Amino acid sequence: MTTQTAQGIGIVSALFARLQQLASSGFFSRDVSNPGVWQTISWWEVRRIPYNLLVGAAGFVTCAASVVTGLLCEHFLGDPIGIPNPPIFAFFAVAAYGIMANVCYTGGWAAELLVQRIWPEEGKAFGRISFFLGLTFSILLTLVPGVLVATVGGLLLLTNFAGK
C-alpha cells in the first residue's frame, strides 16, 4: 500500500469517526421510546431552524464560490461562469431552493409518522437516522453547484493561462 493510499484511508476513517460522534450527539438523539404524533412533530420542528442555518451556511459557501469564480472568469475570460443572466434569477433560485428544502424537511416527520404506524419497532430509530442522513444529504446537495462551478471555472482559467 502506498503512503497516499494509507493517508486517504486515514482521512476517510477519521471522517467516519467524526460522523459517528456527531450522530450520537444530543442534537440527533431522542429520549422518548414511543413518541406520539405531536412529540414526533415537535422533535422535528425544534430542529428546523438549526437545519435551515446549516443548509443556509452551505448555500452561502456555494454562492460565494460561484460569485468569486464568475468574477474571476469574467475578468480573465470575458464570461461570468456560474452567474445567471440576469443575476436576479439567482435570488429566485435561492428562494425556491429554500422553500423546497423545507417541504422535503416536512416530509421527514411525515415519513417518520408513517413508519411508526406501519413498523412500530423500526419507527423508534427512524426519525433520528433519517434526520441525520437528510441533513447530511441536504448540506452536500447544497454544496454541489458551488463545487461544480468552481471546478469548471478553475479548469477554464487553467487552460486559458496554460495556453498563453
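A few comments on the model shown:
- Which of 81, 118 has the fewest Cβ neighbours within 10 Å, and the rest in rising order: 118, 81
- Total formal charge among the other residues, if their Cβ is under 13 angstrom from that of residue 55, Lys/Arg +1 and Asp/Glu -1: +2
- Counted by neighbouring Cβ atoms within 10 Å, the residues 79, 31 run from fewest to most as 31, 79.
- Along the axis of the charge dipole computed for the chain (Cβ charges of +1 for Lys and Arg, -1 for Asp and Glu, origin at the Cα centre), the listed residues 105, 129, 94 are led at the positive end by 129.
- For peptides 39-51, 17-29, 105-117, sequence by mean Cβ density within 10 Å, most packed first: 105-117, 39-51, 17-29
- Expressed as a fraction of 2.2 N^0.38 Å, the value expected for a compact globular protein of N residues, the C-alpha radius of gyration of the range 15-85 is 1.79.
- On the principal axes of its alpha-carbon atoms, the chain has extents of 67, 50, 23 Å, going from largest to smallest.
- Electrostatic bookkeeping for residue 23 treats Lys and Arg as +1 and Asp and Glu as -1; over the other residues with beta carbon under 13 Å from its beta carbon, the sum is +3.
Quick note: the coordinates plus some simple rules give every number you see, no bench work behind them. What you are looking at is a predicted structure, and each value in this text was computed from that prediction instead of being measured. All Cβ positions, glycine included, derive from the backbone under ideal geometry; neighbour counts span all protein chains shown.
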